[in-house]
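**Q** Dropping the structure in here first, questions after.
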Amino acid sequence: MITKIKEINSQGLTTLAGGLGLALASSAQAAIVYTDINDIVSTINDNYFFDFDNDLTDDFKITHSSSGGYAYATMSGISAGAQIKTDGNGVTAFNAGDVIGAGSTANFYDSLGWSYDGTPYNNFPGAGDKFVGVEFEIAGDVKYGWLGLNLSLDVGTLTIYDFAYEDSGSSIAAGDKVSVPEPSSMALMATGALAIAALRRRKRKQLLN
C-alpha cells in the first residue's frame, strides 16, 4: 500500500567567514516523516492499516463498512499509545495548518462519520479534504501526526491520501510535510549569509587593489 516514505530534515550548513567558523544549522531535533501513498478509494466493507513509523507494526486502523441502512467509517489506534484526536462529536476534522499536539482530547477509537439512509452524522461526511490528528509512541516517546482523508456525504466513499508525523515529539500542523527551521536557526542562517556576502566584497576589493 505504501509507495514511498521519506524523512525530510532541514540540512545543516557550515562555512568560514574571515577566519571565523559560523555553524549554521537548523534544529537537528526537528524532522517530519512524511509517507505518500497511492490514494485509497474505499467503497464500503474494507479495513486499512497504517504503519506511521515504518517499523513493520501497524499503528492505526480504519474500518469502512455498512449494515442495514447504515454506513460508517471508524478509526482506531492499534499500537502502543496510539490514539486519535476527538472532540465529543467523533474524530476531529482538522483543517490544513491546524496544530496537532498535546492540548487536545484523544481516544484510542472513534467515528470518522456515519449515515443512516443517507443522512450524515459526525464531522467528516461531506466536509471535503480534512485531516485526522493522531498520537502514538516510539520507544515510549509520544509523537504527533496527521492523516489526510475525504468522506462522502452519504459515507459511501472514503478517500485516504497520505500521512506524516513529527519525529522530535513536537506538535505538527495538519498537512505539513517539510520541517521548518526554528527562529534561532533561521537567524543564524541569515547572519551567516551576511558574513559570506561581506567576505566576497572584501575579496573583490583585494583583487581591484
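**Q** Determine, yes or no, whether Ala102 is assigned by TED's automatic domain parsing to the domain that holds Phe131 and in a loop (DSSP other than H, G, I, E, B). Let's see the steps before the verdict.
**A** Numbers: assigned by TED's automatic domain parsing to the domain that holds Phe131: yes; in a loop (DSSP other than H, G, I, E, B): yes.
Yes; evaluated as a whole, the condition is true for this residue.
**Q** Take the residues in region 78-87 that are modelled with pLDDT of 95 or more and surrounded by fewer than 20 Cβ atoms within 10 Å (Cβ to Cβ); name whichever of them is nearest to Lys130 (Cα to Cα).
**A** So in region 78-87, the residues modelled with pLDDT of 95 or more come out as 78-79, 81-87.
Going one step further and asking which of them are surrounded by fewer than 20 Cβ atoms within 10 Å (Cβ to Cβ), we end up with 78-79, 81, 87.
Values: Ile78: 22, Ser79: 23, Gly81: 23, Asp87: 15 Å.
Step by step, filter region 78-87, then rank; the result is Asp87.
**Q** Another question about this same structure. Given the criterion under 12 Å from the mean Cα position of the chain (by Cα), more than 15 Å from Ile84 (Cα to Cα) and surrounded by fewer than 23 Cβ atoms within 10 Å (Cβ to Cβ), identify the matching residue among Asp167, Asp141.
**A** Values: Asp141 fails: under 12 Å from the mean Cα position of the chain (by Cα).
Unique residue meeting the criteria: Asp167.
**Q** Now a separate question. Which numbered condition trips up Thr159, out of (1) at pLDDT below 95; (2) closer than 17 Å to Thr63 by Cα?
**A** Condition not satisfied by Thr159: (1).
**Q** For region 108-127, does any single residue satisfy the condition of being in contact (Cβ under 8 Å) with a residue 60 or more places away in the chain and surrounded by fewer than 21 Cβ atoms within 10 Å (Cβ to Cβ)? Walk me through how you get there before you give the answer.
**A** Within region 108-127, the first condition is being in contact (Cβ under 8 Å) with a residue 60 or more places away in the chain, and the residues that meet it are none.
No; the residues of region 108-127 include none that is in contact (Cβ under 8 Å) with a residue 60 or more places away in the chain and surrounded by fewer than 21 Cβ atoms within 10 Å (Cβ to Cβ).
**Q** Only residues that are under 17 Å from the mean Cα position of the chain (by Cα) and either of a type outside the set (Gly, Ala, Ser) or buried (at least 20 other Cβ atoms within 10 Å of the Cβ) (or both): list them for region 31-50, please.
**A** Start the filter on region 31-50 by keeping residues that are under 17 Å from the mean Cα position of the chain (by Cα), which leaves 31-39, 49-50.
Within region 31-50, Ile32, Val33, Tyr34, Thr35, Asp36, Ile37, Asn38, Asp39, Phe49, Phe50 meet the criteria.
**Q** Looking for something modelled with pLDDT of 95 or more, buried (at least 21 other Cβ atoms within 10 Å of the Cβ), outside any strand (DSSP E or B) and small (Gly, Ala, Ser) - is there at least one such residue anywhere in region 52-71?
**A** Taking every residue of region 52-71 in turn, none turns out to be modelled with pLDDT of 95 or more, buried (at least 21 other Cβ atoms within 10 Å of the Cβ), outside any strand (DSSP E or B) and small (Gly, Ala, Ser).
The values are calculated or read from the model by the stated rules, or taken from the named source; none is laboratory data. Small disclaimer: the values here were computed from a predicted structure and weren't measured. Neighbour counts are summed over all protein chains in view; Cβ atoms, including those assigned to glycine, are modelled from backbone coordinates with ideal geometry.
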